[in-house]
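Chemist: Starting off with a structure, shown below.
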Amino acid sequence: MRQFLLLITLSFSYTSIFFTFNFAQNPPLNISLASNLSSIGGSNDCWGWWDTLGNEYAIVGIISGGVCIVDITDPNNPQVVDSTQGVPSLWRDIKSFGNFVYVVNDNGGFGGAGLQIIDMTSLPNIVYKDTVIQGLEYAHNLYIDGGYAYLTGTNNNPGINIYDLNNDPWNPSLVGQYTQAYVHDVYVRNDKAYSCELGGGLTVIDMTNKSSPQLIGNRQYINNFTHNSWLSDNGNVCFTTDEISGGYVYAWDVTDPQNITELDNYRSSQGGANTMVIPHNTHVLNDYLVTSYYRDGMTVVDAQYPYNMIEIGYYDTSPLSGSGFDGNWGAYPFFSSGTSIASDMQAGLFVFNVNYERACYLEGDVTDANTNQPIPDARVTVQGHTWGDNTDNIGFYATGTHDAGTYSVTYSAFGYRDSTITVNLTNDVLVVRDIPLTPLPTFNASIAVVEMSSGLPVPNAQVVLAETSGAATFSYTADSNGIVYIQSLVQASYSLIAGQWGWTTNEVPWSPNATGNTITVQLNPGYYDDFALDLGWTVTGTAGSGIWERGEPVGTFAQGQPSNPDLDLPDDIGNQAYVTGNGG
């Protein structure tokens, strides 16, 4: 099957339609709604600020223009106290420095309001101004650390502009620039910047000398659409989001910035195992990740063990699901009272009470009972539940859940007998279970590939033997007599695919054992290829990307709509196709 990548051109206007939603799509977990202020209209970013008396305020970016300041000291009764004017924009970012709040917007090159500065000391009547600093018209994001504002994706520098706020917070002064890449967002702590480069991965930059930032390290990875970053409390782990359909929240070990390594990744559970929902921004509070998902609302993940991130809470602010840039834009969990807020692109401001509950943890090693060697890719399945894990290349697994209880856990690997244990899990308790698996007996087997009409052998036939659960796949080439000899085959149920150019591919089921260990596969003469086997096609061309390739199709989406199918044809053999632009 051929797949064609459909290119869609989309245009946007800044006319907004606001809806009021009185329900969450999925029942909430460990997050309760205190109030929803939909009257402020569709919102983008949100931030928090509080005064010396302990009064707490939500600062919410409004898509139609400016920001709205809401007193949430009583979370059940939010009150709008003031607002600013501003240009319409889908994108705002808000941070604070002392009694000052700084707001940027990005109209995608259609002009902006520079850097909006708000003095909060005169609440309920604020003082603010829009200022264009040294040609700055717009920025996509900003972060403030140590009295320096780091503005990213600006009209005069796609990288990072660094402004000193210490001398005069009303009049920031440009002190340096990072220009080596486009920076979408950035997190800074102790003069190290964790730069998100949308296709360029995660980059660590030394900001000690503001006038001359120095790149320390970079990590590229499979999705590589690094949108937002936030550092763990101890500074050893950087968490990032990929703003793509089905994107992940990643945990990266950044103790050595020149060797950034992946610890774990997480995806919202609300859409199921194959959810295409898009993560947006994540924040870290006491080793919890508080993340805004466009169509899945706000989620809370226990990241106490960053190699084993476990979802413990969520509240869905939107009735929509799947891929799309609607719903929850931002979240802010840092109020001293424990109150959290989230901003929704249709439903305005949400004020939450969050129960930060530690997860239940289960981990250990799976090994060969005879040799004590680790077993990679062993499956750890919790009966009746969707959570579990596969062992890594050293046989280690780590999983868990938010619910304490007694669970039946099965450990399985191709070539081994399953082992099932009962385990009691308690919140905030790490349970270690090391599991040895006993190898299954093996036997020798053979496969003969012949032409159906004549019975003559098909020399050099291609043969694939796939265990039906997907646990193992083996590829062979028959000899000149059309025979494949296999040593030490494990008894299991297999799908056997055989083919060769000049004959049609055939697929048959096979469940060999020690006494029934031979099979003959017949092929009809003919020219046919559904790409279940690699029959030697080559690709030529001058395309810089998107070259045709044989692989399992990975669907692509544009604004939530499928633009490339996710599956091979259902009525041919296997799941392989020739595709272009696979997975976007």
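Chemist: Exactly one condition in (1) surrounded by fewer than 23 Cβ atoms within 10 Å (Cβ to Cβ); (2) at negative phi; (3) of a type outside the set (S, T, N, Q) is false for Asp191; which is it?
Modeler: That leaves (2) as the condition not met.
Chemist: Sticking with this structure for a sec: Please find, within the stretch 346-392, the residue that is most open to solvent (accessible area, probe 1.4 Å) out of those that are acidic (Asp, Glu) and over 30 Å from Ile59 (Cβ atoms).
Modeler: Of everything passing the filter in the stretch 346-392, Asp377 is most open to solvent (accessible area, probe 1.4 Å).
Each row is one residue, and each column tells you yes or no for (1) over 10 Å from the mean Cα position of the chain (by Cα); (2) crowded, with 21+ Cβ neighbours inside 10 Å; (3) not β-branched (Val, Ile, Thr).
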| site | (1), (2), (3) |
| --- | --- |
| Gly217 | yes, no, yes |
| Thr226 | no, yes, no |
| Trp230 | yes, yes, yes |
| Ile260 | yes, yes, no |
| Asp287 | yes, no, yes |
| Val290 | yes, yes, no |
| Tyr294 | yes, yes, yes |
| Asn308 | yes, yes, yes |
| Ile312 | yes, yes, no |
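Chemist: Do we have any residue at all in the stretch 119-134 that's closer than 23 Å to Cys196 by Cα, surrounded by fewer than 21 Cβ atoms within 10 Å (Cβ to Cβ) and touching a residue at least 24 places away in the same chain (Cβ under 8 Å)?
Modeler: no
Chemist: On to the next question. In the stretch 164-175, is there at least one residue being of a type outside the set (Asp, Glu), on the phi > 0 side of the Ramachandran plot and not in a strand (DSSP E or B)?
Modeler: No, the conditions are met nowhere in the stretch 164-175.
Chemist: A further question follows. Of the residues Ser83, Ser64, which single one is farther than 29 Å from Ser337 by Cα and either open to solvent by 20 Å² or more (accessible area, probe 1.4 Å) or more than 34 Å from the chain's Cα centre (by Cα) (or both)?
Modeler: Ser64
Chemist: Which of the following residues is assigned to a loop (DSSP other than H, G, I, E, B) and acidic (Asp, Glu): Asp403, Asp365?
Modeler: When all the criteria are applied, what remains is Asp403.
Chemist: State which residue is surrounded by the fewest Cβ atoms within 10 Å (Cβ to Cβ) when the search covers only the stretch 522-540 and only residues that are within 14 Å of Ile573 (Cα to Cα) and touching a Lys or Arg at 6+ places or on another chain (Cβ under 8 Å).
Modeler: Asp534
Chemist: Related question: In the stretch 465-476, is there at least one residue being more than 18 Å from Phe414 (Cβ to Cβ) and within 42 Å of the chain's Cα centre (by Cα)?
Modeler: No, every residue in the stretch 465-476 fails to be more than 18 Å from Phe414 (Cβ to Cβ) and within 42 Å of the chain's Cα centre (by Cα).
Rundown of residues vs (1) of a type in the set (Val, Ile, Thr); (2) more than 21 Å from Val60 (Cβ to Cβ); (3) part of a strand (DSSP E or B), yes/no style:
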| position | (1), (2), (3) |
| --- | --- |
| Thr121 | yes, no, no |
| Lys129 | no, no, yes |
| Tyr143 | no, no, yes |
| Ala181 | no, yes, no |
| Val204 | yes, yes, yes |
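Chemist: Check whether at least one residue in the stretch 406-425 is more than 22 Å from Glu507 (Cα to Cα), out of contact with any Lys or Arg (no Cβ under 8 Å at 6 or more places or on another chain) and hydrophobic (A, V, I, L, M, F, W, C), and report yes or no.
Modeler: Checked the stretch 406-425: at least one residue is more than 22 Å from Glu507 (Cα to Cα), out of contact with any Lys or Arg (no Cβ under 8 Å at 6 or more places or on another chain) and hydrophobic (A, V, I, L, M, F, W, C).
Chemist: Out of (1) out of contact with any Lys or Arg (no Cβ under 8 Å at 6 or more places or on another chain); (2) buried (at least 18 other Cβ atoms within 10 Å of the Cβ), the odd one out for Val101 is which?
Modeler: Checking Val101 against (1) out of contact with any Lys or Arg (no Cβ under 8 Å at 6 or more places or on another chain); (2) buried (at least 18 other Cβ atoms within 10 Å of the Cβ), the one that fails is (1).
Chemist: If you take the residues of the stretch 201-215 that are surrounded by 19 or more Cβ atoms within 10 Å (Cβ to Cβ) and not aliphatic (A, V, I, L, M), which of them is farthest from Thr179 (Cα to Cα)?
Modeler: This residue is Gly201.
Chemist: May I pose another question? Quick check on Asp185: is it surrounded by fewer than 17 Cβ atoms within 10 Å (Cβ to Cβ) and charged (D, E, K, R)?
Modeler: no
Chemist: Determine which single condition Ser545 fails, assuming it passes every other condition in (1) part of a strand (DSSP E or B); (2) under 19 Å from Ala577 (Cα atoms); (3) among the polar types (S, T, N, Q).
Modeler: (1)
Chemist: Any idea which residue in the stretch 412-445 is surrounded by the fewest Cβ atoms within 10 Å (Cβ to Cβ), counting only those that are of a type in the set (Gly, Ala, Ser) and assigned to a loop (DSSP other than H, G, I, E, B)?
Modeler: Gly415
Chemist: When you scan the stretch 28-102 for strands (runs of 3 or more DSSP E) that lie fully inside it, which ones turn up with 2 or more residues that are modelled with pLDDT of 95 or more and more than 29 Å from His140 (Cβ to Cβ)?
Modeler: 31-37
The values are calculated or read from the model by the stated rules, or taken from the named source; none is laboratory data. Keep in mind that what you see is a predicted model, and the values were worked out from it rather than measured. No Cβ is skipped: glycine too gets one built from the backbone with ideal geometry, and neighbour counts run over all protein chains shown. Please note that ligands, DNA and RNA were not included when accessible areas were found on the heavy atoms of the full protein model with its side chains. Shrake-Rupley method; radii C 1.70, N 1.55, O 1.52, S 1.80 Å.
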